[in-house]
Amino acid sequence: MATIGPAVDEVVSIAQQHLKRPISVKTWTWEDGTFKVRAKHWYPAGTTTRYGHRSVIQYHSDREVVKGYLQRKTRKLTKNHSS
């Protein structure tokens, strides 16, 4: 846990500087001692667009690099049916 703590603090600090609130943080750990920390904020699809996205800040101990990226999510469009 001592090695994960500073990484979590760094990812959260970067996320607080660059992402809107609320931010969710998740960690993964593996038996070999590697771990991943991810902070994200969800931007939902709007009324004029079917695309929402997550802004993500992530660190993986194998790579020792903090990365930022977007994940796009598509919402299905529904058709109005009249009887």
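How about the range 22-66: which of its residues are in contact (Cβ under 8 Å) with a residue 40 or more places away in the chain and not in a loop (DSSP other than H, G, I, E, B)? The answer is Ile57, Gln58, Tyr59, Val66. Looking across the range 67-82 at every residue that is exposed (fewer than 11 other Cβ atoms within 10 Å of the Cβ) and part of a loop (DSSP other than H, G, I, E, B), the one that is modelled with the highest pLDDT is identified as Lys76.
The values are calculated or read from the model by the stated rules, or taken from the named source; none is laboratory data. All of these numbers come straight from a predicted model, not from anything done at the bench. Positions of Cβ are backbone-derived with ideal geometry, glycine not excepted, and every protein chain shown enters the neighbour counts.
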